[in-house]
Amino acid sequence: MAVVNGQVSLDHLTTMEDLTNDEVLALIQRGLAFKQGQVEITSRQDKFVSNLFFESSTRTHKSFEVAERKLGMQVIDFDSSKSSVNKGETLYDTILTMSALGVDVCVVRHFEEDYYKPLIDSSTITASIVNGGDGSGQHPSQCLLDLMTIYEEFGHFDGLKIAIAGDITHSRVAKSNMQVLKRLGAQLYFAGPEEWYDSKFNLYGKHVSIDEVVDTVDALMLLRVQHERHDGAGTFSKETYNRLHGLTEERYARLGESSIIMHPAPVNRDVEIDDSLVEADKSRIVRQMENGVYVRMAILEAILAGRETL
Ligand code: CP
């Protein structure tokens, strides 16, 4: 892995810990260059990519596909419900098969945390792995699009006051973001229910109530309540969660003039955020989705560059 003349080369992208600060900043710059139409794209028709999603997705799956098609890659359809996964095929064997077929890049979302470790350690799997989300582990491409959105707004990270609010324990988005934002110099706060917070996150920031930070944050990153990952701890009615921990119109009115709000989506409207605020002036939620395409183009380009040096 390296940055040479602004070009990042990656073997795989599985966790934000894989990336140095220089690589993070170079990927953001490249995403911005793609967005601004400053990159002359050489079609990668000879490169095959498959998106293997074993958990539901709208944004990650489809924005990777748009990014792949914009780069001219050949996208190999994969639907786990119609594949030999139904006959007991393991994830390892699915990716081994894709490698044998000549697929260069597998974008994988899987419910198992760290699913990628045996894949990248294998000497027979030749496809590069891009993690599209592993359980409650990591979501590096979401993190990079979040960082691109913050950078586009403020032009830096150093000294920014950023609050990540909501279901921290179950959020792979929070895990990826906390690791990188801290080392990029942001001052981090966590908000949300104590039941969905772990003291190990104190390494990155301080746990406060949303009301303690809402007046002073530069960016308020809301998280989806991950009902599908809950084991009974911390059950709230929608109204109670919204009143205690959500971004209500009253709290929105207290945000600073230049503050922004973010959410990886899908959004539980009227839970994490009032319905009326999803597309409010300070909301960058739609821009995050848009930026996802461009930063994923930068990620795929970096992976293809890494494969050229193999
Ligand atoms: N933000 C995000 O990962 O959305 P999807 O689950 O729709 O991909």
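The numbers here are math on the coordinates, done by the rules we state, and not lab data. Note that the structure is predicted; figures quoted are calculated from it, not measured. With ideal geometry, Cβ positions are generated from the backbone for all residues, glycine too; neighbour counts draw on all protein chains shown.
A few remarks follow.
- Taking the numbered list (1) within 16 Å of the ligand (Cβ to nearest atom); (2) over 22 Å from the mean Cα position of the chain (by Cα) in turn, LEU101 passes all entries but (1).
- Restricting attention to the stretch 34-72 and to residues that are under 21 Å from ALA265 (Cα atoms) and without any contact (Cβ under 8 Å) to a residue 24 or more places away in the chain, the residue that is farthest from the ligand (Cβ to nearest atom) turns out to be GLU65.
- Neighbours by Cβ (under 8 Å, 6+ apart or cross-chain): first from the stretch 107-120, without any contact (Cβ under 8 Å) to a residue 24 or more places away in the chain; second more than 16 Å from the ligand (Cβ to nearest atom) and not small (Gly, Ala, Ser): GLU112/LEU91
- All conditions but one from (1) in contact with an Asp or Glu (Cβ under 8 Å, 6 or more places away or on another chain); (2) within 18 Å of GLY306 (Cβ to Cβ); (3) not β-branched (Val, Ile, Thr) apply to PHE111; the one that does not is (2).
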